[in-house]
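J.: Please read through the structure below; I'll follow up with questions.
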Amino acid sequence: MRHAVTSGSNSVDVVDAPSPTPKPGDMVVRMAACGVCGSDVEKIYGQYSQPSTRLGHETSGVIVSVGDGVKGFSVGDRVFTHHHVPCYDCYLCKHGSSTRCSHYSKSNLLPCGLADEYIVPAWNVQRGGVLKIPDTMSFEQAAMIEPLACCIRAWSGYDHKSNNAVAIFGVGATGMLHVLLAQNKGFSNIYCIDMNQFRLDFVKDVLGAEIILAHKNTSSDILYNTEQRGVDLAIVSTGSMAALESAIHSVRYGGTIMLFGVPSKDATLQLNMDYVYSRELKMYCSYAASDNDTREALHLISEGLDVDCLITHRYDLVDSPKAFERARSGHEAVKIIIKGPEHKDM
């Protein structure tokens, strides 16, 4: 069996390992599709603030074996598997912060999701971390459930109204998922900001975002296009502190800033709190997703949310190093999918 690993030395290798065997309550899934996440790229090439060396968590596949005691699932089931599952019983879980539960990051796919086959631990199986996917859903679509779920969780913190205006800073794959959700929620004006011209052209030509702005004089341009009012919501879908600062100056009085992208380790921002206070600005952060969010993501994709249009590149598992280099460069790329063995129904 093969799986991808990183040593933290700016490189990815595909290595051999023994085929996994499930313990009681576990299941083994043959990976069919796994998305490349920006957090994976940051683990390899950057300074990711949530330390981990596991690669691949946007996964879908077919169950090939189950351990004793597994109920409700059978060999051959087509599934999405979530890599992190909380306990639902602790103080944080009961107060809406399940993704910061002490059990959340401990539950993980083994050796990782970017493998020919991987173990879904009993903890995940028993607590909603595995969802059957309909025959009408491709494995590639199912691999988009996890990143979409993260966006859904972020939106749950914002009480939107129809015809609101939103500015999305950073239109990589998750930024474009935010565009799709904004369109789905009836936003009338969607401003997209990025330094990558290919992505700006893509979001305009493929998703039809109404106004595209280059990453220069951003807040001034947004104020100009909103009669000096500013947008209702600014989503920072990048770890850039400069983007966060622009977002703060792009929202209206009483506007909201959603910090979605993961900042680099120890990133700081000098903030004029008098400006924040006097404009009654709201700011909140969103990290990861729970199984409630993954179920909603599965539902939206099943109902026709077009996540397929974001997939620009596909690689076989053996070519994972090339996939991550492409993701790192961002050259004419949005969403990159790595394919598992034997599965061609993409």
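The values are calculated or read from the model by the stated rules, or taken from the named source; none is laboratory data. Remember, it's a predicted structure, so these values are computed and weren't measured experimentally. Note that we place each Cβ from the backbone using ideal geometry, even for glycine, and neighbour counts take in every protein chain shown. Accessible surface areas use protein heavy atoms only, side chains included; no ligands, DNA or RNA. Shrake-Rupley method; radii C 1.70, N 1.55, O 1.52, S 1.80 Å.
J.: Assign unit charges at the C-beta atoms only (+1 for Lys and Arg, -1 for Asp and Glu), then state the dipole size of segment 1-152 relative to its Cα centre in Debye, rounded to the nearest 20. Show your work: numbers first, answer last.
T.: Details: 12 positive and 14 negative charges, 92 e Å.
Dipole magnitude for segment 1-152 comes out near 440 debye.
J.: Most fluctuating residue of 156, 320, 286 in a GNM of the chain with Cα springs under 10 Å: which is it?
T.: 156
J.: Considering only protein heavy atoms and a probe of 1.4 Å, how much of the accessible area of segment 224-321 is carbon and sulfur, as a whole percent?
T.: Working: 2350 of 4950 Å².
C and S atoms contribute 47 percent here.
J.: So, one more: Under 5 Å between amide hydrogens, which residues at least 5 positions from residue 283 or on another chain qualify, with H placed 1.01 Å from N in the peptide plane?
T.: 257
J.: For segment 13-138, give the percent of accessible area contributed by carbon and sulfur heavy atoms, probe 1.4 Å, rounded to a whole number.
T.: On the way: 2690 of 5400 Å².
Its accessible area is 50 percent carbon and sulfur atoms.
J.: Still on this structure, I have one more. For the chain, what is the accessible area per residue in Å² when the probe is 1.4 Å? Could you put the intermediate results ahead of the total?
T.: Values: 15270 Å² over 346 residues.
Heavy-atom accessible area per residue stands at 44 Å².
J.: Using a 1.4 angstrom probe on the protein heavy atoms only, could you order 94, 43 from most to least accessible area?
T.: On the way: 94 140, 43 40 Å².
Putting 94, 43 in descending order of accessible area: 94, 43.
J.: Keeping all protein chains in the complex and leaving out DNA, RNA and ligands, what accessible area do you get for residue 223 with a 1.4 Å probe, in Å² to the nearest 10?
T.: Solvent-accessible area, nearest 10 Å²: 40 Å².
J.: For the chain, what does the helix formula give at 222 nm: sum of -39500 (n - 2.57) over DSSP H segments with n ≥ 4, over the residue count, nearest 500 deg cm²/dmol? Display every interim value, and only then the final one.
T.: Working: 12 runs with 95 residues, N = 346.
When only DSSP H runs of four or more count, the value is -7500 deg cm²/dmol.
J.: Using θ = phi - 60° and the Karplus form 6.51 cos²θ - 1.76 cosθ + 1.60, what ³J(HN,Hα) does each residue of segment 150-159 get, whole Hz, x for Gly and Pro?
T.: Rounded to whole hertz, the list is 4, 5, 4, 4, 4, 5, 5, x, 10, 8.
J.: Where is the GNM fluctuation largest for the chain (alpha-carbon springs, 10 angstrom cutoff): 99, 238, 312?
T.: In this elastic network of the chain, the residue with the biggest mean-square fluctuation among 99, 238, 312 is 312.
J.: What residues qualify as long-range amide H neighbours of residue 65, i.e. H under 5 Å apart, gap of 5 or more or another chain, H built at 1.01 Å from N?
T.: 28
J.: Of 94/185; 106/335; 265/339; 23/106; 204/335, which sit over 24 Å apart, Cα to Cα? The partial results should precede the final answer.
T.: Details: 94/185 28 Å; 106/335 27 Å; 265/339 31 Å; 23/106 17 Å; 204/335 16 Å.
The pairs that break the limit, which is 24 Å between Cα atoms, are 94/185; 106/335; 265/339.
J.: If you add up the charges near residue 210, with Lys and Arg at +1 and Asp and Glu at -1, over every other residue whose beta carbon is less than 15 angstrom from its beta carbon, what do you get?
T.: Working: positive: 185, 204; negative: 201, 205, 221, 232.
My count for the surroundings of residue 210 gives -2.
J.: Can you tally the net charge around residue 114? Count Lys and Arg as +1, Asp and Glu as -1, for every other residue whose Cβ sits under 10 Å from the Cβ of residue 114. Please list the in-between numbers first.
T.: On the way: positive: 2, 54; negative: 40, 58, 116.
Summing Lys/Arg as +1 and Asp/Glu as -1 gives -1.
J.: Moving on to the next point. To the nearest 0.05, how large is the calculated FRET efficiency for residue 2 and residue 265 if R₀ is 35 Å and r is the Cβ-Cβ distance?
T.: Working: r = 30 Å, r/R0 = 0.86.
About 0.70, to the nearest 0.05.
J.: Work out from phi, with θ = phi - 60° and the Karplus expression 6.51 cos²θ - 1.76 cosθ + 1.60, the ³J(HN,Hα) of each residue of segment 261-277, listed in order in whole Hz, and give x for Gly and Pro.
T.: With coefficients 6.51, -1.76 and 1.60, one gets x, 8, x, 5, 4, 6, 5, 10, 9, 7, 10, 7, 5, 5, 5, 4, 5 Hz.
J.: Per-residue accessible area for residue 283 at 1.4 Å probe radius, Å² rounded to 10?
T.: 90 Å²
J.: To continue, here is another question. Which residues' amide hydrogens lie under 5 Å from the amide hydrogen of residue 313, considering only partners 5 or more residues apart or on another chain, with H built in the peptide plane?
T.: For residue 313, the qualifying residues are 334, 335, 337.
J.: Continuing with this model, one more query. Step through the residues of segment 278-290 one at a time and calculate ³J(HN,Hα) from phi using the Karplus curve (6.51 cos²θ - 1.76 cosθ + 1.60, θ = phi - 60°), rounding each to whole Hz and writing x for Gly and Pro.
T.: Karplus values, whole Hz, x for Gly and Pro: 5, 9, 6, 6, 10, 9, 8, 10, 9, 10, 6, 8, 9.
J.: Now for a separate question. I want the local charge near residue 57. Using Cβ-Cβ distances under 10 Å, sum +1 for each Lys or Arg and -1 for each Asp or Glu among the other residues.
T.: Values: positive: 54; negative: 40, 58, 146.
Surrounding charge for residue 57 is -2.
J.: Of all the Cα-Cα pairs you can form in segment 1-111, what percent are over 19 Å apart?
T.: Details: 3384 of 6105 pairs.
Tail of the P(r) past 19 Å holds 55 percent of the pairs.
J.: At 1.4 Å probe size, put 21, 294 in order of accessible surface, largest to smallest.
T.: On the way: 21 105, 294 0 Å².
Output order, biggest surface exposure first: 21, 294.
J.: Can you pull out the GluC sites (Glu not before Pro) in segment 205-280 whose DSSP state is coil and whose Cβ has at most 12 other Cβ atoms within 10 Å? Mind dumping the intermediate values first?
T.: Values: sites: 210, 227, 245, 280; in loops: 210, 227, 280.
Sparse-neighbourhood loop GluC sites (Glu not before Pro): 227, 280.
J.: Related question: Relative contact order of the chain: what whole-number percent is it, with Cα pairs under 8 angstrom and at least 6 residues apart? Walk me through the intermediate numbers first.
T.: Values: 769 pairs, mean separation 70.2, N = 346.
Relative contact order, the chain: 20 percent.
J.: How much of residue 244 can a 1.4 Å solvent probe reach, expressed as accessible area in Å² and rounded to 10?
T.: Ignoring ligands and nucleic acids, residue 244 comes out at about 10 Å².
J.: So what's the gap between the Cα centers of segment 142-193 and segment 58-109, to the nearest angstrom?
T.: If you average the Cα positions of each part, the centres end up 25 Å apart.
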